[in-house]
Amino acid sequence: MTEIPDQSPLDSGFGSSSTAAEVLAGVDLRGRTALVTGGYAGIGLEIVRALAGAGASVLAPARRPADAAAALAGVTGPSGQGAVEVGAMDLADPDGVASYAADVRASGRTLDLVIDNAGIMGTPETRTARGWELQLATNHLGHFSLVNRLWPSLADGARVVSVSSSGHYYSPMRWDDPWFESGYEKWLAYGQSKTANVLFALALDARGGDRGIHAYSLHPGAILTNLGKHLTADDVAALMEPDADGHVAIPEFKTPEQGAATAAWAATSPLLEDRGGCYLVDCEVAPWAEDDEAGGNDSGGVKRYALDPDEAERLWAWSAGLTGVDAFG
């Protein structure tokens with residue numbers, strides 16, 4: 001049964017300026033296998049670098065495997081040996097997701113960590129071959145299908161980390177028009193997909209309890225990466241324009257190394273063992289947002305609609321119906 005998680009903060013010892021390498025200092029991941037989507041650019045590259053540096057073997061499925069192989073060629077483990085295996089997978093292509101997951105299962109690998117990091121933001125209106133809006137299809141449905149297909153390969157006690165965003169403030173799930181058939185708005189579409197990331201982790205955590213598998217979602221912070229490639233000059237100006245109270249949407253940026261820290265912490269911290277389903281910010285369990293409505297300035301917290309158990313179950317059933325995949329069906 002999906003329940004509202006305990007969002008009371010912990011004393012993690014880390015903060016907004018911590019890096020993934022600092023979070024994993026002294027953590028021994030030798031013998032562990034991690035899978036990181038989007039692991040060859042931005043914070044994904046830094047997540048992979050930190051996990052490999054701690055001894056993990058890392059699988060890095062990528063839509064552009066040649067580019068991924070080039071970006072990850074210098075990433076090594078503690079022994080200096082290569083620690084990353086690149087594969088081909090496009091999250092917006094259900095058949096490609098199924099094929100990649102089947103290859104992983106056939107290899108007999110056991111996955112200890114899965115970090116759903118890949119994503120797109122603020123794209124022009126685009127539909128997949130199945131007619132799905134691209135941001136929801138990539139950011140949520142692709143990861144939903146991947147994790148469900150890989151469920152038999154997850155080790156007992158594994159962790160699944162869903163990289164969401166404070167962008168979930170833009171919109172809850174739009175059940176009356178999830179595909180924006182009545183008119184497209186790129187930031188509402190992005191916000192819906194990021195809310196879906198949080199709800200997915202909540203529902204998945206409820207299903208993994210009997211095997212000790214936990215799931216978490218998080219906001220990595222604002223980082224200048226290729227994720228913002230679709231932003232226009234007007235978009236950037238709006239993000240940096242103070243509101244009537246003098247607040248700006250993005251008060252400061254993190255480095256990619258800092259942006260990777262919360263995912264690394266979510267994947268490994270023993271402090272989170274009994275806090276499954278939580279939403280995290282700055283290597284800490286985030287408080288509730290200052291209000292429950294969509295919109296408003298980022299308060300560093302999580303909107304209650306993003307951690308609503310009923311919404312999480314509704315999204316799970318809807319996603320399973322669309323993808324035809326449900327490891328628990």
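The values are calculated or read from the model by the stated rules, or taken from the named source; none is laboratory data. Note that the coordinates shown come from a computational prediction; the quantities given were computed from them, not determined experimentally. Neighbour counts are summed over all protein chains in view; Cβ atoms, including those assigned to glycine, are modelled from backbone coordinates with ideal geometry.
Each row is one residue, and each column tells you yes or no for (1) over 25 Å from Ser17 (Cα atoms); (2) assigned to a helix (DSSP H, G or I); (3) at pLDDT below 95.
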position: Pro242; (1), (2), (3): no, no, yes
position: His247; (1), (2), (3): no, no, yes
position: Leu271; (1), (2), (3): no, yes, no
position: Tyr305; (1), (2), (3): yes, yes, no
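Restricting the search to segment 63-95, which residues are under 30 Å from Gly26 (Cβ atoms) and buried (at least 18 other Cβ atoms within 10 Å of the Cβ)?
Within segment 63-95, Ala68, Ala71, Leu72, Val75, Gly77, Ala83, Val84, Val86 meet the criteria.
Do any residues in segment 202-219 that are closer than 12 Å to Glu273 by Cβ have Cβ atoms under 6 Å from those of residues that are among the acidic types (Asp, Glu), where the two are at least six apart or on different chains, and which pairs are they?
From residues that are closer than 12 Å to Glu273 by Cβ, the pairs are Gly212/Asp156; His214/Asp205.
With segment 1-98 as the region, which helices (runs of 4 or more DSSP H) entirely inside it contain at least 3 residues that are within 18 Å of the chain's Cα centre (by Cα)? Give the derivation first.
Working: elements: 20-23, 42-53, 65-72.
Once the helices (runs of 4 or more DSSP H) in segment 1-98 are filtered for at least 3 residues that are within 18 Å of the chain's Cα centre (by Cα), what remains is 42-53.
So for segment 105-119 (the condition being outside any loop (DSSP other than H, G, I, E, B), in contact with a Phe, Trp or Tyr (Cβ under 6 Å, 6 or more places away or on another chain) and at pLDDT 95 or above), does at least one residue qualify? Reasoning before the result, please.
The first filter runs over segment 105-119 and keeps only residues outside any loop (DSSP other than H, G, I, E, B), leaving 105-107, 111-116.
Now drop any that are not in contact with a Phe, Trp or Tyr (Cβ under 6 Å, 6 or more places away or on another chain), which leaves none.
Scanning segment 105-119 turns up no residue that is outside any loop (DSSP other than H, G, I, E, B), in contact with a Phe, Trp or Tyr (Cβ under 6 Å, 6 or more places away or on another chain) and at pLDDT 95 or above.
Would you be able to say whether some residue in segment 122-133 is in contact (Cβ under 8 Å) with a residue 12 or more places away in the chain and part of a helix (DSSP H, G or I)?
Within segment 122-133, not a single residue is in contact (Cβ under 8 Å) with a residue 12 or more places away in the chain and part of a helix (DSSP H, G or I).
Of the conditions (1) surrounded by fewer than 20 Cβ atoms within 10 Å (Cβ to Cβ); (2) over 26 Å from Gly142 (Cα atoms); (3) in contact (Cβ under 8 Å) with a residue 12 or more places away in the chain; (4) not polar (S, T, N, Q), Arg304 fails just one. Which one is it?
If we test Arg304 against (1) surrounded by fewer than 20 Cβ atoms within 10 Å (Cβ to Cβ); (2) over 26 Å from Gly142 (Cα atoms); (3) in contact (Cβ under 8 Å) with a residue 12 or more places away in the chain; (4) not polar (S, T, N, Q), just (2) comes out false.
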